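Remarks on the structure that follows.
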Amino acid sequence: MTDTSSDKLIRAAERFLGKGERALTDLEREVLEQAIGKKALALDTSAVFDEKSTFGQRLADAVASFGGSWSFLIGFGAVLAAWVGGNLVLAQSAPDPYPFIFLNLLLSMLAAVQAPIIMMSQNRQAAKDRLVTSHDYECNLKAEIEIMALHDKVDQLRNDDLKHLIAKQQEQIELLTKLVETHVAKAGTGESK
């Protein structure tokens with residue numbers, strides 16, 4: 001009698017997950033099939049996620065990455081210092097004299113544009129984290145199933161060894177019994193060694 005993959009899946013679901021085949025989620029079914037088929041589950045989730053990203057998403061990530069760097073802070077501080085210093089030095093003929101209304105407008109526009117870009121990048125990072133977490137769950141589930149299967153194999157080997165040992169022990173008892181019976185029979189007839 002050969003097991004079909006469906007029979008193996010049903011038995012594995014009941015044995016390892018305590019569920020019937022119909023109660024399995026798609027993820028559990030996939031992991032069980034991979035465990036039964038001895039297939040690897042490893043996956044570079046970052047590469048998979050990055051392959052699906054659009055140009056705009058990659059641009060948002062780059063802007064958020066640069067906007068949160070020391071290079072941006074130092075460069076932005078230098079530009080602000082130059083703007084304020086230049087307008088203070090030029091005093092009356094300055095393009096943006098004190099209180100720097102045009103500078104405030106530029107800073108507000110920068111904040112208005114930068115905030116949604118950073119939020120887009122954070123949303124993508126959250127989606128990436130969910131993908132990684134889901135894949136970690138798959139790997140952990142498969143590892144648990146594999147460990148349970150190894151326990152079953154070790155238990156079966158131990159049981160087989162015990163059965164073999166008991167059979168050998170029974171043979172030895174039978175041989176010893178025959179030997180004792182022969183010795184008693186010889187002693188009863190008066191035969192010596």
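The values are calculated or read from the model by the stated rules, or taken from the named source; none is laboratory data. For clarity, every value in this text was computed on a predicted model and none was experimentally measured. Cβ coordinates were reconstructed from backbone atoms using ideal geometry, including for glycine residues, and neighbour counts include every protein chain displayed.
Among the residues of region 177-193, at least one is farther than 30 Å from residue 16 by Cα, over 27 Å from the mean Cα position of the chain (by Cα), loosely packed, with under 10 Cβ neighbours inside 10 Å and polar (S, T, N, Q).
Within the option set 38, 8, being of a type in the set (Lys, Arg) and in a loop (DSSP other than H, G, I, E, B) holds for one residue only, 38.
Listed conditions (1) loosely packed, with under 13 Cβ neighbours inside 10 Å; (2) without any contact (Cβ under 8 Å) to a residue 12 or more places away in the chain; (3) of a type outside the set (D, E, K, R); (4) assigned to a helix (DSSP H, G or I) are all met by residue 99, apart from (4). Quick check on residue 73: is it over 30 Å from residue 129 (Cα atoms), in a helix (DSSP H, G or I) and at pLDDT 85 or above? So residue 73 does not fit the description; no.
Within region 83-96, the set of residues being in contact (Cβ under 8 Å) with a residue 12 or more places away in the chain and part of a helix (DSSP H, G or I) comprises 83, 84, 87.
Checked against (1) within 29 Å of residue 53 (Cα to Cα); (2) touching a Lys or Arg at 6+ places or on another chain (Cβ under 8 Å), residue 148 meets all criteria but (1). If residue 61 passes every condition in (1) at pLDDT 90 or above; (2) farther than 16 Å from residue 116 by Cα; (3) surrounded by 11 or more Cβ atoms within 10 Å (Cβ to Cβ) but one, which one does it miss? Only one criterion is unmet by residue 61, namely (2).
The C-beta contact set for region 1-16 (first residue among the β-branched types (Val, Ile, Thr), second residue at pLDDT 80 or above and in a helix (DSSP H, G or I), distance under 9 angstrom, 6+ apart or interchain) comprises 10/21.
For (1) over 21 Å from residue 134 (Cα atoms); (2) among the hydroxyl-bearing types (Ser, Thr, Tyr); (3) outside any helix (DSSP H, G or I); (4) in contact with an Asp or Glu (Cβ under 9 Å, 6 or more places away or on another chain), each residue gets a yes or a no:
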residue: 19; (1), (2), (3), (4): no, no, yes, yes
residue: 42; (1), (2), (3), (4): no, no, yes, no
residue: 65; (1), (2), (3), (4): yes, yes, no, no
residue: 78; (1), (2), (3), (4): yes, no, no, no
